[in-house]
Amino acid sequence: MALQEEHQSSRAVALHQGQVTKPLQAVKYTRADYLSFAPRRETMHLRTVCNLNRIYYNMAQSRRAVVPISEQRRTLVETAKQQWISRLIDLSRRNNLLYYRPLKTGNLELSEVESNRMVALLSGEKVPISKLLDHSTDERLTSKLREIWRRAQSNAEEKGLGTLFITIGMATWKALDGGRDPEAPALLLPVTLELKGTLGQAFSIRRTGAVQVNLVLLHVLESELGIRLSGEDILPLLQGDDEGEAFDPSPVYKYLTEKSRNVPGFQVKSSAVLGNFAFQKMAMVNDLRERGEDLVANDIIAALPATLKRASRSAHKTSNPIHENSTSARRRMSF
């Protein structure tokens, strides 16, 4: 074993130091060659390590391009991905994407902002708070903005999450369990707060990404209320996201209300709030949503749904004595 590892290491070193004259594709280069360098990385030249990383990555990409992906595999992984996302989404009242509540210092009400100022924000301009709110010099407002900014920075640095949004519209309906009614943002506009001045007393808001439909709202509407909606159908209804349009989210509100007309007490209130919106496993949900093609291309990930499906069938058969008895009878008859 040690002799084999030494042979793999020496062959890989010779390859990357230019001592092997064979072309790269003719060499049986495996992951074991790459991993055999792990104990020696501290003494290896940085360039050699970078070359190893690049070659192994290129090999993985080439293999992905060569191996065709069947529609059955793509469908299986996509179905499993949606199930994983459903299990990760927090449906408790701790999730402020489903049960929003005003906080003393954690969010800022922007519902009274004039539509032309919102258009400037949607167009990507950096908008000073003084142009959005008349009382922008209030010390309490400055303290609130600083707390919102601090929490957003903490989430970005410690969790890698962008959690600062301006919500557009607030959907609510009668809670099925008789508790506090849901209040879920309809749309989310990702923004950033920028401090200005020597003391950081002045703030500006700038848009940082595309308007999103609240994923948690769509999930609850489908899983608990039987209403399946798509972000592709909702987002084009927002007026003001395109150049030259006046800001008007009411078509979005009307669409959601019409589709949910059979839900007791369902309505979408006109609302805009600046704050941090996230739930505990949001980073994992984002990864699943954004890396769909990587999941399909990965052999191990693609094997998981099929394995789980077979395990589920096996468990069902084991738990069904009638099925088990009939299967045993057929086996006895076949012999």
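Where a number appears in this text, it was derived from the coordinates with a stated rule and is not lab data. Only a predicted model underlies this, so the values are computations on that prediction, with no experimental measurement involved. Note that we place each Cβ from the backbone using ideal geometry, even for glycine, and neighbour counts take in every protein chain shown.
The table for this structure:
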| read-out | value |
| --- | --- |
| Under-5 Å amide H pairs with S271, H placed in peptide plane, nonlocal only | G169, M170 |
| Placed amide H near N96: partners under 5 Å, 5+ positions off or other chain | A278 |
| Restricting the stretch 116-184 to chymotrypsin sites (Phe, Trp or Tyr not before Pro) in coil, as DSSP defines it, with at most 16 other Cβ within 10 Å | none |
| Loop sites in the stretch 119-161: trypsin sites (Lys or Arg not before Pro), DSSP, at most 14 other Cβ within 10 Å | K126 |
| Separation of alpha-carbon centers, the stretch 85-135 and the stretch 203-271, rounded to whole Å | 14 Å |
| Where trypsin sites (Lys or Arg not before Pro) fall in DSSP loop in the stretch 185-264, at most 15 other Cβ within 10 Å | R228, R261 |
| Subset of K104/K259; K104/K131; K126/K269; K104/K269; K104/K174 violating a 29 Å alpha-carbon distance limit | K104/K259 |
| Prolate/oblate/rounded call for the stretch 118-160, Cα gyration tensor, a/c under 1.5 rounded | oblate |
| Tensor-based shape of the stretch 175-245 (alpha-carbon gyration tensor, a/c under 1.5 rounded, otherwise prolate or oblate) | oblate |
